[in-house]
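Derivation of every value follows stated rules applied to the coordinates shown; laboratory data play no part. As the structure is a computational prediction, the values presented were derived from the model and not from experiment. FYI the Cβ positions are ideal-geometry reconstructions off the backbone, even for glycines, and counts take in every protein chain you see.
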Amino acid sequence: MPKKGLLIVLSGFSGVGKGTIVKELLHRYPEEFSLSISATSRKIRDGEEDGREYFFVSREKFEEMLKEEKLLEHAVYNGNYYGTPKDYVLQKSEEGKNVILEIEVQGGLQIRNIFPDSLLLYVVPPSAKELYSRLTGRGTESQEEILRRMRRAIDEADYVARYDSMIVNDDLEACINDVYSLIREKQEEADRRDCLIRRLKEELYEITKEDEVL
Ligand code: 5GP
């Protein structure tokens, strides 16, 4: 049986480049990673495809999924539901894939509660001005929406302390390498721990199976 993959939560301000980082990790290390595709009740945007960016569902359908406990976590963001489908994530992790969840902070903390061994990464921009120019540059949101997202970032910023690591996305290449290194480190640490604990348990078992101990 392959060893279980890590659950990696990648959060960060809207427009910081999470999507690009995830896309690059999947492209460079296809054997190592799987991406969780969330369900959302928000409207599909131009250029998006159902089942690729998200599973686009009605509010009623989302509430039904919640009731049937089909979601690992969920949150409301700008009045829309977002949630992580349970089965896919658990299946990929069982297969040994590291599963990336690109989700916001409330969901990230729910994942930490259910899976204490998950890795929570938070990506920030080098400056607010740079964030503004990236949001304007991608041209997918109105000016009003951009400001709303930046205001939300003010509240979200306080959550960073509850994440394992913060990565500044200034130079994209360096940022991708940092994220990958943090994942490897976490994996190696978990492997060392599991290996030692397995050995210790075997030794403890051996020593204590006799009636007279030592
Ligand atoms: P957008 O509408 O721009 O695609 O996403 C809005 C926010 O929802 C982003 O911060 C994104 O990371 C977050 N998000 C996407 N999917 C999920 C999910 O399944 N759960 C949670 N908690 N947040 C999500």
What range in the chain is the longest one free of trypsin sites (Lys or Arg not before Pro) that are in a loop by DSSP and have at most 12 other Cβ atoms within 10 angstrom?
-> 53-208
Those GluC sites (Glu not before Pro) from segment 5-46 that are DSSP loop and have at most 12 other Cβ neighbours within 10 Å turn out to be E31
Can you put M65, M150, M166 in order, fewest other beta carbons within 10 Å first?
-> M166, M150, M65
Over the chain: helical MRE at 222 nm, DSSP H runs n ≥ 4 each giving -39500 (n - 2.57), nearest 500 = -15500 deg cm²/dmol
Cross-link partners among lysines for K186, C-alpha distance below 27 Å, same-chain residues fewer than 8 apart left out?
-> K3, K4, K18, K23, K86, K92, K97, K201
Got the relative contact order for segment 7-213 handy, in percent, Cα pairs under 8 Å and 6 or more residues apart?
-> 27
Give me the percent of Cα-Cα pairs in the chain that sit more than 28 Å apart, rounded to a whole number.
-> 34
Any GluC sites (Glu not before Pro) in segment 115-214 that lie in a DSSP loop and have at most 11 other Cβ atoms within 10 Å would be E210, E212
Report, in whole Å, the centroid distance computed from the Cα atoms of segment 178-198 and segment 62-103.
-> 24
Rounded to the angstrom and largest first, Cα extents along the principal axes for segment 1-48 equal 40, 22, 20
